[in-house]
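The values are calculated or read from the model by the stated rules, or taken from the named source; none is laboratory data. These numbers were taken from a predicted model, which means no experiment stands behind them. Cβ atoms come from the backbone with ideal geometry, glycine included; neighbour counts cover every protein chain shown. The protein model used for the area step is the full one, side chains on, heavy atoms only, and it has no ligands, DNA or RNA in it. Shrake-Rupley method; radii C 1.70, N 1.55, O 1.52, S 1.80 Å.
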Amino acid sequence: MAVSRRDHLVDTALELFHRDGFHATGIDRILAESGVAKMTLYKHFKSKDELILAALRRRDERFRNWLMREIERLDKTPRGRLLAVFDALAAYCEMRHFGGCFFVNAAAEYGSREDPIHVAAAEHKRLVFTYVRGLAAAAGAADADTLARQITLLMEGAIVTAYVAGIADTAGQAKDAAQILIAAAIPPASSAV
C-alpha cells in the first residue's frame, strides 16, 4: 500500500524530531529529508506546530499499540502483565534508535502547560496511566489508581535514567521495585489471577 505524502511527511518529521529535537529541526530540513514540496506541507499543516502535533499523535499510537501488544505477549495474567511492563521497557530501552521519551522531550521543549504540544504530551502519559490502571484493577489492586501511579513513575524513571545516565538495566531495577509495590497493593487471595 502506497504511503501518502502526508504520512511520509509526518513519519519524516517524527524521525527528525525524535533524533534532533523539535526546535532544532526546521521546516526546510523536514522538506529536504522528505522530498515533499513546501506547498504540499502547507496543504496538510498550517504550521510547524500542527506537524509536531501530528507526529506526537502518530508516535503515541505506535508506542502504545506496541507496548500493549508486547505486554500481552509476555504474560497472560493481569498481575503478570504489571511486571511485564518492565520487560517491555527493557526491550524499548535497548532499541537501536532509543532516544528517551519523545513525550518528555516535547514537554521539555514546550514547557507551558497550556501549549497544545505540551497538552498532547500529557495526554499520552494519561493514556499510558489509564492502561496500567486497568491492569492494576484487573489484578485485584485495592487502590488501582495509586498502584498505577507508582508503576508509571517507575516506568518514567527507568526510561529517563536509561537515556540520560546511560545506565543499563534500569527497567530490571524498576521491575524489582514494582514487585514490592504490587505485593503490598494486591491481596494474596488475588495473586492467582
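Determine the pairs where a residue that is in contact (Cβ under 8 Å) with a residue 40 or more places away in the chain, located within region 49-63, has a partner that is charged (D, E, K, R) with Cβ atoms under 8 Å apart, the partner being 6 or more residues away or on another chain. Filtered contacts from region 49-63: ARG58/ASP11; ASP60/GLU123. Of note, ALA107 satisfies the criterion of being under 14 Å from the mean Cα position of the chain (by Cα), crowded, with 20+ Cβ neighbours inside 10 Å and not basic (Lys, Arg). Of VAL85, VAL36, all but one fail to be assigned to a helix (DSSP H, G or I), open to solvent by less than 50 Å² (accessible area, probe 1.4 Å) and either in contact with a Lys or Arg (Cβ under 7 Å, 6 or more places away or on another chain) or under 27 Å from TYR163 (Cβ atoms) (or both); the exception is VAL85.
If the condition is being within 24 Å of TYR92 (Cβ to Cβ) and in a helix (DSSP H, G or I), then region 102-118 contributes PHE102, PHE103, VAL104, ASN105, ALA106, ALA107, ALA108, GLU109, ILE117, HIS118. Select from region 1-33 the residues that are in a helix (DSSP H, G or I), under 26 Å from the mean Cα position of the chain (by Cα) and of a type in the set (Gly, Ala, Ser) and list them in ascending order. The answer is ALA13, and nothing else. In region 132-151, is there at least one residue being of a type in the set (Ser, Thr, Tyr), part of a helix (DSSP H, G or I) and closer than 15 Å to LEU83 by Cα? For region 132-151, residues of a type in the set (Ser, Thr, Tyr), part of a helix (DSSP H, G or I) and closer than 15 Å to LEU83 by Cα: absent.
Taken over region 128-156, residues that are farther than 16 Å from PRO78 by Cα and either touching an Asp or Glu at 6+ places or on another chain (Cβ under 7 Å) or open to solvent by less than 30 Å² (accessible area, probe 1.4 Å) (or both) amount to 1.
One residue is enough: does region 100-120 have a residue meeting the conditions among the basic types (Lys, Arg), touching a residue at least 40 places away in the same chain (Cβ under 8 Å), out of contact with any strand residue (DSSP E or B) (no Cβ under 6 Å at 6 or more places or on another chain) and within 21 Å of LEU153 (Cβ to Cβ)? Even if it seems obvious, please write down each step before you answer.
First, the residues of region 100-120 that are among the basic types (Lys, Arg): 113.
With the extra rule that they be touching a residue at least 40 places away in the same chain (Cβ under 8 Å), the set shrinks to none.
There is no residue in region 100-120 that is among the basic types (Lys, Arg), touching a residue at least 40 places away in the same chain (Cβ under 8 Å), out of contact with any strand residue (DSSP E or B) (no Cβ under 6 Å at 6 or more places or on another chain) and within 21 Å of LEU153 (Cβ to Cβ).
Among the conditions (1) under 16 Å from the mean Cα position of the chain (by Cα); (2) part of a helix (DSSP H, G or I), GLY80 misses just one, which is (1). Screening region 43-77 for residues that are assigned to a helix (DSSP H, G or I) and closer than 23 Å to THR146 by Cα and picking the one that is farthest from the chain's Cα centre (by Cα) gives GLU72.
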